[in-house]
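Single-structure report; data block below.
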Amino acid sequence: MAAFDPDKEIPRHIAIIMDGNGRWAKERDLPRREGHHAGAESVEIALETCGEIGVDYLTLYAFSSENWKRPEAEVKALMGLLAHFLKEKTPSLIENNIRLQVIGQIDKLPKSNQKSLQKSIEATDGNNGLTLVVALSYGSREEILEATRSLMEKAQSREMDPAELNVESFAAHLNTADFPDPDLLIRTSGEYRISNFLLWQISYAEIFITKTFWPDFRRQNLLDAVGEYQQRQRRFGGV
Ligand code: IPE
Ligand code: IPE
Ligand code: MG
């Protein structure tokens, strides 16, 4: 594994599929929610580390559109954790110049979560350091469908000519319109799949998969991922 080098290129945007909380808990004979709880610490560390090395965007997959099918108690625990995180951490987001943004079908979240998200987004709106993008009730297929629907409506009302549709104008209709594409995609817990995350946006992302469960993912794990990224040769289809 190549060591992280602060003088080499730093990925501008890192996206993380934070997986393995349940298995982390199971290994310790704890309820799954304890795994999610422990994972919150890893979120803080990832934020700190990204700030330290100069990453501009960190996108965290916190809850997928498919995660709604989990037992009600687990969904409730996750929403409670989100509420707790926003309440406890918003002051430190402000203090550390971090701007909070969200992607996903936010209107499907409990009203109280929607409100606290709105508040934290507004409170951090003027920050110009790291942008933290949290994916909540997020599914990439749903996002692509929504974009397509909105484009079709624009075509129907003649607001847009279908001939003008290109990669840029399509991307401008996604939830991620304001963010650059991820350079580095990390998935923890050793699963080799994307699970409906940023399908369009990761077209040319470098992928790093580690067996480490999310609650065990620490500063050095992130530096190792960036170190590996720095060894990669991105060709974007060229030579
Ligand atoms: C990731 O951990 C957190 C969410 C999907 C919300 P999991 O809960 O998926 O943990 P495993 O995959 O069951 O170990
Ligand atoms: C992906 O993890 C979603 C998040 C990390 C929020 P899952 O645990 O839901 O993915 P699958 O079910 O293993 O593909
Ligand atoms: Mg999982």
Worksheet, complete the sentence: In whole angstrom, the spacing between the Cα centers of segment 63-142 and segment 153-195 equals 20 Å
Worksheet item: Say a site is exposed when it is one of the GluC sites (Glu not before Pro), sits in a DSSP loop, and has at most 16 other Cβ atoms within 10 Å; what is then the longest site-free stretch of the chain?
Response: 10-158
Practice prompt. Could you pull out the trypsin sites (Lys or Arg not before Pro) across segment 1-100 that fall in loop regions by DSSP (anything but H, G, I, E, B) with no more than 16 other Cβ atoms inside 10 Å?
Written response: LYS8, ARG12, ARG28
Worksheet item: For segment 1-136, what's the relative contact order in percent, using C-alpha pairs closer than 8 Å and at least 6 residues apart?
Response: 29 percent
Worksheet entry | Overall form of segment 94-239 per C-alpha gyration tensor (a/c, 1.5; a/b vs b/c) | oblate
Worksheet entry | All aspartates and glutamates inside 17 Å of LYS111 as judged from Cα atoms, apart from same-chain residues fewer than 8 positions distant | GLU72, GLU122
Worksheet item: Mind listing the phi-derived Karplus ³J(HN,Hα) values for segment 145-156, rounded to whole Hz, using 6.51, -1.76 and 1.60 with θ = phi - 60°, and x for any glycine or proline?
Response: 5, 4, 4, 5, 4, 5, 5, 5, 5, 5, 5, 4
Worksheet item: Can you list the residues, at least 5 places off or on another chain, whose amide H is less than 5 Å from the amide H of MET18, using H built in the peptide plane?
Response: TYR61
Worksheet item: Could you give the accessible area per residue of the chain, probe 1.4 Å, as a whole number in Å²?
Response: 54 Å²
Practice prompt. State whether segment 13-53 is rounded, prolate or oblate according to the following rule on the C-alpha gyration tensor (a ≥ b ≥ c being the square roots of its eigenvalues): a/c under 1.5 gives rounded; otherwise a/b larger than b/c gives prolate, and the remaining case gives oblate.
Written response: prolate
Worksheet item: What are the ³J(HN,Hα) values, in whole Hz, obtained from phi via the Karplus relation 6.51 cos²θ - 1.76 cosθ + 1.60 with θ = phi - 60°, for each residue of segment 166-171 in sequence order, with x given for Gly and Pro?
Response: 8, 4, 5, 5, 5, 4
Worksheet item: Classify segment 1-153: rounded, prolate or oblate, from the alpha-carbon gyration tensor (a ≥ b ≥ c, eigenvalue square roots; a/c under 1.5 rounded; otherwise prolate if a/b is larger than b/c)?
Response: rounded
Worksheet, complete the sentence: Spelling it out for ILE207: with amide H atoms placed in the peptide plane at 1.01 Å from N, the residues 5 or more places away or on another chain with amide H under 5 Å from its amide H are LEU185
Worksheet entry | Choice from ASP19, ASP125, ASP161 showing the highest fluctuation, given a GNM over the chain with Cα pairs closer than 10 Å | ASP161
Worksheet item: For the chain, which whole-number percentage of the solvent-accessible area (1.4 Å probe, protein heavy atoms only) is attributable to carbon and sulfur atoms?
Response: 49 percent
Worksheet entry | Mean Cα-pair separation over length for segment 146-237, i.e. relative contact order, pairs under 8 Å, 6 or more apart, % | 24 percent
Practice prompt. Go through segment 205-217 residue by residue and turn each phi into a ³J(HN,Hα) via Karplus (6.51, -1.76, 1.60, θ = phi - 60°); whole Hz please, and just put x for glycine and proline.
Written response: 6, 7, 10, 10, 10, 10, 6, 3, 6, 3, x, 9, 6
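The values are calculated or read from the model by the stated rules, or taken from the named source; none is laboratory data. Treat the numbers as computed from the prediction; the structure is a model and nothing was measured. Note that each Cβ is placed from the backbone with ideal geometry, even for glycine, and that neighbours are counted across all protein chains shown. Ligands, DNA and RNA are excluded from the accessible area calculation, which covers all protein heavy atoms including side chains. Shrake-Rupley method; radii C 1.70, N 1.55, O 1.52, S 1.80 Å.
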